[in-house]
1. How tilted is helix 268-294 with respect to the longest principal axis of the chain? Cα atoms for both, answer in degrees (0 to 90, nearest 10).
2. For K378, list the lysines whose Cα falls under 20 Å from its own Cα; do not include residues on the same chain fewer than 8 positions away.
3. Given H placed on each backbone N at 1.01 Å, which residues far from V489 in sequence or on other chains put an amide H within less than 5 Å of it?
4. Might you report the magnitude of the Cβ-based charge dipole of the stretch 317-391 about its Cα centre, with Lys and Arg at +1 and Asp and Glu at -1, to the nearest 20 debye?
5. Using DSSP to call loops (not H, G, I, E or B), can you name the GluC sites (Glu not before Pro) in the stretch 484-556 whose Cβ has at most 13 other Cβ atoms within 10 angstrom?
6. Please name whichever of S408, L483, N65 sits farthest to the positive end of the charge dipole of the chain, dipole taken about the Cα centre and charges placed at Cβ: Lys and Arg +1, Asp and Glu -1.
7. Tell me, what ³J(HN,Hα) does each residue in the stretch 349-357 have, in order and in whole Hz, if you take phi through Karplus 6.51 cos²θ - 1.76 cosθ + 1.60 with θ = phi - 60° and put x for Gly and Pro?
8. K66: which aspartates and glutamates have alpha carbons under 18 Å from its alpha carbon, excluding same-chain residues fewer than 8 sequence positions away?
Amino acid sequence: MTTVAMLTHLSIKNLAVVDSISIEIAPGMTVVTGETGVGKSLVVDGLALLMGQRAESHLVGQASNKAELCGIFLLDQAPLARAWLAEHDVDNSDSEVVVRRVINTEGPSRAFINGTPMTLAQLKSFSESLLDIHAQHEHQALLKRDSQRQLLDEFAAVTPLAENVAALFEAWSALQAKQSALIASQKDRADRIGFLEYQLEELTKLDLQPGEVSALDTELLQLANADENLSFAQQAQRLISEDDTGGGLGALQSARLALGKVTDPNLGAARDQLDQSLLQIEELNRDLLRYLDVSQADPQRLQWVEHRMQQIHDISRKHRCPPEQLIALHATLSDELAQLSDSDAAVETLSDDIQTAKNNWEAEATRLSKKRAKGKAKIETAVKNLLTQMGMSNARLEVSLAPYAQPSRFGQEETTFLIATNPGQTPQPLNKIASGGELSRISLAIQVATLGTSAVGTIIFDEVDVGIGGGVAQTVGALLRTLSAQAQVLCVTHLGQVAAQGHNHFKVTKDANATAIELLSDSGRVAEIARMLSGIEITKKSLAHAREMMMTAQSI
């Protein structure tokens, strides 16, 4: 058995006549039975509310001012559901996801997925990847044209081709949008070109060089302080070299002569230190003399540097960028001007590209249409045969492939499932079928015919057995069991022939106080199926018949 996702737990508190029920749901086919009026469909109603169905305050029971519903789903093989959780920043590290909804008597209801608050629309969007309810029209995925198209494509094994057609259409549309934007911006483009040319002329005239700003900053600092620097350097050189002050180089030289005459070896180190000091002072004096020889104030150079820096800063302020970025800005504006200047040629080039993209889409869309037509005939025949087995021999499915008025990402035709239930009747969309039982059986036939293509893991059927009995009911039950090999099936039924096909069996009961639900043992199942077959009085014959039906189902 393979499933996309699976419902493992459902709890309902204070909903209508339900005080509190909690059930664990296993894989395979699960049936829910009970006498008329006990509230069998409340399980389906609870799941519908978990899917985002609009909730009315009168649904809240008498026990408190709120009703609570909780469903736990296993996501081991549910990439679509996991992708949805990731897209909406919901933790999906666990193998399970908890969906919860609280309905209040006053104020709006609240919804949560793994504890994260969700809107009703988000809840509905997420649950569509988990559950498909075949009961009331608004809950059926099969009633949506998108689902019908996807189902046909999966049945015809053309999903990859359909995805490629969609990608080609998007590429074609993107090129058309780009060309339209270019054409619409012709006047704006001309204005922008004129402005760019003015800016580039100014930047080109400035002719800023790499590293120039830093070099000018350094030079400006030197030139601005040139007079002061020369004065201090001259003062230092005089203090070092002049002897009339009684210090400086002359004093050190006299001290060296005096120490040179000392014969005490204890002063040898002092003499050596003095020698080093003399060498350093002499070198310092030479450096100062060289500096004084080459350095001089240059008012004209200072004025030029100040003017150059003013130009640079004025333009950088105009462009609202640091001076160092003006060179990069020049390159950026040049590239933009080149692109705008070439836009006329770009429009022509895009025209060629658009035609190529259109041809590519048309070729693949035509191939998709042919394959869909073949799949249409096969699915119509398969569903017709199944409907006949289920007592609807006059019913037929027609898959309409009507051409779109305009090219579409979905191909050249719109897919619509139509049904006719009587001879001579014009096929109508599925949601026009009046009988809930007929609609459920049609849905079952489509599900079985397309076995293996369902994107959801749990399929719920309510009223699938309305208006049938005998061999037809047994066939419906067998088909439900067959479907449960591919997806988890939950079926509310009043027919023993259908209930006997289940892998698991819940019975709903009701007393004066509340509604309860229990998982039946094998003996309990026999008794319940016998009741459903014979009515109030359970006979040995009905018990034997129930056992035989269960054994037959297990052999399938």
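Taken together, the values in this text are just the output of simple stated rules run on the coordinates, not laboratory data. Note that this is a predicted model, so its numbers are computed, not measured. With ideal geometry, Cβ positions are generated from the backbone for all residues, glycine too; neighbour counts draw on all protein chains shown.
1. 80
2. K370
3. Residues meeting the amide H criterion: G28, M29, T30, I459.
4. 980
5. The qualifying sites are E537.
6. Selected residue: L483.
7. Listing the rounded values in order: 4, 5, 4, 5, 5, 5, 5, 5, 5 Hz.
8. Counting by Cα, and skipping residues close in sequence, K66 has these aspartates and glutamates nearby: D19, D45, E56, E106.
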